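Trainee: Just passing along the structure, written as structure tokens.
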Amino acid sequence: MVRMRCSIERRGVVFCKGSMTVEMSMIFPIVMYVIFSIIYAGMYLHDSLAIHQAIDEIVLECNIAAKYPIESGGEHISYAHINDRGIFFFIASDYSLENGLYTQRLLDKLKSRLLITTVDQPKVTITCTTVSASIECAVNIPFASVRILLGEERLNYSQRAKVDVFSPSEFVRKLTVLSDLVEGSEMGEQCIKRLRDIIKGVE
């Protein structure tokens, strides 16, 4: 507790001791340290949540792109060309266009959201069965004392997300087509029997 101690009063002038200045010189840095730590901790949490949300949004968008073709601009599903891929597209599954578009879109989403974090090496990978996204993050805090308080090891981290592409109607359609193609062959019959057993087991 800081108290001002006044000792002598001469000719209407009050002379005070210098203890308040000394005490403030000790307390002020601590107060500022706590304030800056709270501010940067809040910005750190904000950026972490923003990155997590952006990755989740991209993964959901990619989940749709894995099943349906997108326009060249990457903005909408191209329903006019939805049948161009054919029933065997999932075997080749060339998603190089989609990977590039959604990697750039992830960067664009984060460009205006982050306060003290820089991102590097974004990677979005789409396959016929899974969608994954990852990004490297580095938090920039100019004050060493604040970095030590938050933990140096926490200032460089990775955010990742991975989901399975699920399309029940597409699975049934492919199973039906493959059943018709391999019907009559011994190996085909065994494969179809195993698939049906798996489906019954899941049900």
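The values are calculated or read from the model by the stated rules, or taken from the named source; none is laboratory data. Note that the coordinates shown come from a computational prediction; the quantities given were computed from them, not determined experimentally. Methodologically, a virtual Cβ is constructed for each residue, glycine included, from the backbone with ideal geometry; neighbour enumeration extends over all protein chains shown.
Trainee: Does Lys67 meet the test of being surrounded by fewer than 14 Cβ atoms within 10 Å (Cβ to Cβ) and modelled with pLDDT under 90? Spell out the reasoning first.
Mentor: Details: surrounded by fewer than 14 Cβ atoms within 10 Å (Cβ to Cβ): no; modelled with pLDDT under 90: yes.
Spelling it out, it is not the case that Lys67 is surrounded by fewer than 14 Cβ atoms within 10 Å (Cβ to Cβ) and modelled with pLDDT under 90.
Trainee: So in the stretch 103-152, with the set limited to residues that are of a type in the set (Gly, Ala, Ser) and part of a strand (DSSP E or B), which one is surrounded by the fewest Cβ atoms within 10 Å (Cβ to Cβ)?
Mentor: Going through the stretch 103-152, the residues of a type in the set (Gly, Ala, Ser) turn out to be 112, 132-134, 138, 144-145, 151.
Then keep just the ones that are part of a strand (DSSP E or B); that gives 132-134, 138.
On the way: Ser132: 16, Ala133: 24, Ser134: 16, Ala138: 12.
Within the stretch 103-152, the match that is surrounded by the fewest Cβ atoms within 10 Å (Cβ to Cβ) is Ala138.
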